[in-house]
Amino acid sequence: MPDATANGEPCEWLVAHAALLPRSGVALDVACGRGRNAFWLASRGLSVHAVDRDETAVSHVRAVASAAGLTIDARVQDLEVLALDLGRARYDTIVAVHYLHRPLFPHLIAALRPGGLLVYETFTQAQARRGKPKNPAFLLEPGELRSLTAGLTILAWREGEFGGRDVASIVCRWD
């Protein structure tokens, strides 16, 4: 796996639920940033598609993946366009961390294969008192993550203060 200090540790919530994740198949890392979750997923045997609108971050992911021999297809993609298409029943696992664009949820759910998992964690409104983010558009209301994933089977869920951050986290499956 790539050097964790250079690329960051994978999300604790994702790692804590590793036993639920498939050991093969195709994963999508949404708003991947510098690739910390994509690298971890690929090192576990998944073929990873990593998307982010930041061209510099995507270039970094490509370079590290290539050097490490990891199967990651990293692409620049704006996830907030009206005509977004992530495909239908394409992914065994979708991961999104610290990113919130509410209209994206139907696309994420449609992109899951039957039995596929959505692992999601982002900030709640309570985080605003700690600093960033403060914009309500980027902060979940209490219980909102469960509503946004309605129709999926919840395997694990939490909401509150964890690791000095106020977040809501979920692992759910498309049955």
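The values are calculated or read from the model by the stated rules, or taken from the named source; none is laboratory data. Bear in mind that the values here come from a model prediction, so they are computed numbers and not experimental data. Ideal geometry is used to build each Cβ from the backbone, glycine not excepted, and the neighbour counts take in all protein chains shown. For accessibility, only protein heavy atoms count, side chains too; no ligands or nucleic acids. Shrake-Rupley method; radii C 1.70, N 1.55, O 1.52, S 1.80 Å.
Considering only protein heavy atoms, what is the solvent-accessible area of ASP175 at a probe of 1.4 Å, reported in Å² to the nearest 10?
Solvent-accessible area, nearest 10 Å²: 110 Å².
Please grab the % of Cα pairs in the chain that end up more than 19 Å from each other.
55 percent
Enter the per residue convex hull volume of segment 48-111, computed from alpha-carbon coordinates, in Å³ rounded to the nearest integer.
89 Å³
Run the accessible area of segment 66-175 with a 1.4 Å probe and give the carbon-and-sulfur part as a rounded percent. Present the calculation step by step, with values, prior to reporting the outcome.
Details: 2850 of 5420 Å².
Exposed carbon and sulfur together represent 53 percent of the surface.
Looking at the chain, send over the antiparallel percent of its DSSP beta bridges, to the nearest 5.
Details: 16 of 37 bridges.
Within the chain, antiparallel bridges account for around 45 percent of the total.
About its Cα centre, what dipole magnitude does segment 86-138 give when the only charges are +1 on Lys and Arg Cβ and -1 on Asp and Glu Cβ, stated in debye to the nearest 20?
Dipole of segment 86-138, to the nearest 20 debye: 220 debye.
To the nearest 20 debye, what charge dipole does segment 1-124 have about its Cα centre, counting +1 at the Cβ of each Lys and Arg and -1 at the Cβ of each Asp and Glu?
340 debye
Skip the ligands, DNA and RNA, and give the accessible area per residue of segment 12-133 with a 1.4 Å probe, whole Å².
45 Å²
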